[in-house]
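Report on the following structure.
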Amino acid sequence: MSENQEFYDNLDVRANYFAHRRRPDNPNDALERPLFLELAGQLANLDMIDLGCGDASFGQEALFQGARSYRGLEASQTMVDMARQVLANTPGEVVHERIEAWQAQSEQADLVSSRLALN
Ligand SMILES: C[S@@+](CC[C@H](N)C(=O)[O-])C[C@H]1O[C@@H](n2cnc3c(N)ncnc32)[C@H](O)[C@@H]1O
């Protein structure tokens with residue numbers, strides 16, 4: 001992996017990640033997802049920001065549930081490209097930006113999430 005390449009831009013890393021992530025018994029869906037959704041509550045009518053959004057599957061789901069807007073931040077260009085495909089034909093958007101560069105502003109969003117990215 002080159003010095004400037006993001007971790008998830010590496011083909012092997014990404015293939016391995018999605019092979020695990022898309023397994024029906026993956027830890028995200030088995031453990032993290034139910035707890036996260038319980039804590040987040042209703043997503044309808046929320047303006048959302050998702051830090052380290054990956055392929056933005058969560059954005060797609062949130063918009064389907066009636067979220068007003070969804071903006072994902074993502075460091076990996078390959079993930080950004082995938083996320084834009086996932087969010088095509090939705091009002092969702094993805095920004096190629098590192099979390100560290102994000103400037104939080106008051107009343108910018110109703111919900112700021114970061115699922116398995118800050119670790
Ligand atoms: C384990 S994946 C989780 C993706 C998504 N949140 C999910 O739950 O499916 C972590 C994602 O966070 C991104 N990420 C990690 N550190 C980041 C940073 N400092 N800024 C932006 N994105 C970051 C990675 O590129 C990767 O797409």
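Ranked for footprinting exposure by Cβ neighbours inside 10 Å, fewest first, 8, 70 give 8, 70.
For residue 113, the residues 5 or more places off, or on other chains, whose built amide H falls under 5 Å of its own are 49, 50, 51.
Helices in the chain, meaning DSSP H runs of at least 4 residues, each add -39500 (n - 2.57). Divided by all residues, the mean residue ellipticity at 222 nm is -9000 deg cm²/dmol. For region 1-100, the set of GluC sites (Glu not before Pro) satisfying both a DSSP loop assignment and a count of at most 10 other C-beta atoms within 10 Å is given as 3. Averaging 1/r across all pairs of distinct Cα atoms in region 7-113 and inverting the result yields a Kirkwood radius of 14.4 Å. Relative protection proxy for 102-108, 79-85, from highest mean packing down: 79-85, 102-108 (other beta-carbon atoms within 10 angstrom).
Quick note: the coordinates plus some simple rules give every number you see, no bench work behind them. Given the structure is predicted, the values throughout are model-derived calculations rather than measurements. Please note: Cβ atoms are built from the backbone with ideal geometry, for glycine as well, and neighbour counts cover all protein chains shown.
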